[in-house]
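Please read the structure below before turning to the comments.
The values are calculated or read from the model by the stated rules, or taken from the named source; none is laboratory data. On a predicted model such as this, the values are computed, not experimentally measured, just so you know. As a convention, Cβ positions derive from the backbone with ideal geometry for all residues, glycine included, and neighbour counts pool all protein chains shown.
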Amino acid sequence: MDVRGGSALIVGGAGGFGEATARRLVEAGAHVVIADMAEAKGTALAQELGTAAQFVKTDVLSEASVEAAVATATSRAPLRAAVVVHGGPAAGARIIGRDGKRYPFDVFRRTVDIFLNGTFNVVSIAAEAMAANQPLADNQRGVLITTSSIAGYEGQVGQSDYSAAKGGVIGLTLTAARDLAPLGIRIMCIAPGTFLTPAYGDVDPAVTQAKWGPLVPNPKRMGDPDEYARLAVHIVENDFLNGTTIRIDGAQRHNLK
């Protein structure tokens, strides 16, 4: 699909993956809407990218909020691509800790809400808008890209909530592709491994690389968010990619301890 002159919505657009994807989609000629809760970062990025970008404060758990972001995108041009790449908190705890206590059910529910339910909220609202588009070549009206994680396949200790949520995002992909196929809307999922994004928290990138890079078989480093972004743009442009999840992880598999 050629996104030149169309609009693209990036939910989580102020984060590491989102920012890189926004830059790439602007280069590809799309009108980009950066949707995020991080108002200062999102606004600064939109200003840097110029008239091709706009920031909209967006809560993935609010239908009205996501609808407003989609409406902003469609007001600029037909919505041709939507990338769901928002972050959020997770338990970071064993189901039963060393003290013999479970972590609260509300924590598990919050994580699933943010990562799985929030993803579905964006997918359904964006797809509804895409369904009204005039079709391009091969009857294509739009493409959705969701973001899981290698934890969606094999989570580490303390990732029960996050792994369950991200596994749900993977599970949604093929069914959604089949649901949306008659409308000419594709959906793909990306499952990143260890990437140098703010989610890893260390202030010094060199320290972060030294800590996490050796876990990646080849290349022996953390991923660059631009590598995610380049894959996302390729998915947008390649109409035969549909209904599956692509791991981008340097062959990394979690070593459970």
Name the one entry in E154, E237 that is over 21 Å from G13 (Cβ atoms) and either surrounded by fewer than 16 Cβ atoms within 10 Å (Cβ to Cβ) or of a type in the set (S, T, N, Q) (or both).
E154
Considering (1) under 21 Å from T146 (Cα atoms); (2) over 16 Å from the mean Cα position of the chain (by Cα); (3) exposed (fewer than 13 other Cβ atoms within 10 Å of the Cβ), say which one P89 fails and leave the rest.
(2)
Filter result for I95 (of a type in the set (V, I, T), touching a Leu at 6+ places or on another chain (Cβ under 9 Å) and either modelled with pLDDT of 95 or more or surrounded by fewer than 24 Cβ atoms within 10 Å (Cβ to Cβ) (or both)):
no
Are any residues in the range 58-114 in contact with an Asp or Glu (Cβ under 9 Å, 6 or more places away or on another chain), farther than 25 Å from N133 by Cβ and charged (D, E, K, R), and if so, which ones?
R109, R110
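Of the residues A199, A206, A251, A232, only one is surrounded by fewer than 16 Cβ atoms within 10 Å (Cβ to Cβ), in contact (Cβ under 8 Å) with a residue 60 or more places away in the chain and small (G, A, S); which?
Working: A206 fails: in contact (Cβ under 8 Å) with a residue 60 or more places away in the chain; A251 fails: in contact (Cβ under 8 Å) with a residue 60 or more places away in the chain; A232 fails: surrounded by fewer than 16 Cβ atoms within 10 Å (Cβ to Cβ).
So the residue among A199, A206, A251, A232 that is surrounded by fewer than 16 Cβ atoms within 10 Å (Cβ to Cβ), in contact (Cβ under 8 Å) with a residue 60 or more places away in the chain and small (G, A, S) is A199.
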Anything in the range 28-84 that is polar (S, T, N, Q) and within 15 Å of S7 (Cα to Cα)? List them, or say none.
T51, Q54, T72, T74, S75
Being touching a helix residue (DSSP H, G or I) at 6+ places or on another chain (Cβ under 9 Å), free of Cβ contacts under 8 Å to residues at least 24 places away in the same chain and among the small types (G, A, S) narrows it down to one residue among A93, A30, A46; which is it?
A46
Taking the range 32-64 only, how many residues are hydroxyl-bearing (S, T, Y) and buried (at least 19 other Cβ atoms within 10 Å of the Cβ)?
1
Contact list please: Cβ distance under 9 Å, first residue in the range 16-27 and assigned to a helix (DSSP H, G or I), second residue buried (at least 23 other Cβ atoms within 10 Å of the Cβ) and polar (S, T, N, Q), pairs at least six apart or on different chains.
F17/T147
crowded, with 21+ Cβ neighbours inside 10 Å and farther than 16 Å from G142 by Cβ: does that describe M222?
yes
Inside the range 178-207, can you point out the residues that are among the small types (G, A, S) and closer than 24 Å to E227 by Cα?
A191, G193, A199, G201, A206
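Looking only at the range 28-49, count every residue that is part of a helix (DSSP H, G or I), under 25 Å from L116 (Cβ atoms) and either charged (D, E, K, R) or at pLDDT below 95 (or both) and tell me the total.
Of all residues in the range 28-49, those part of a helix (DSSP H, G or I) come to 39-49.
Remaining after also requiring under 25 Å from L116 (Cβ atoms): 39, 41-42.
Cutting the leftovers down to either charged (D, E, K, R) or at pLDDT below 95 (or both) gives us 39, 41.
Count: 2.
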Looking at F120, is it of a type outside the set (K, R), at pLDDT 95 or above and within 16 Å of the chain's Cα centre (by Cα)?
yes
If we ask which residues in the range 148-195 are hydrophobic (A, V, I, L, M, F, W, C) and more than 15 Å from the chain's Cα centre (by Cα), their number turns out to be 9
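Quick grid of which residues meet (1) within 16 Å of V84 (Cα to Cα); (2) part of a helix (DSSP H, G or I):
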site: A177; (1), (2): yes, yes
site: I190; (1), (2): yes, no
site: V207; (1), (2): no, yes
site: P214; (1), (2): no, yes
site: P219; (1), (2): no, no
site: V236; (1), (2): yes, yes
site: I246; (1), (2): yes, no
site: Q252; (1), (2): no, no
So R76 clears everything in (1) without any contact (Cβ under 8 Å) to a residue 40 or more places away in the chain; (2) over 20 Å from the mean Cα position of the chain (by Cα) except one condition, right? Which one?
(1)
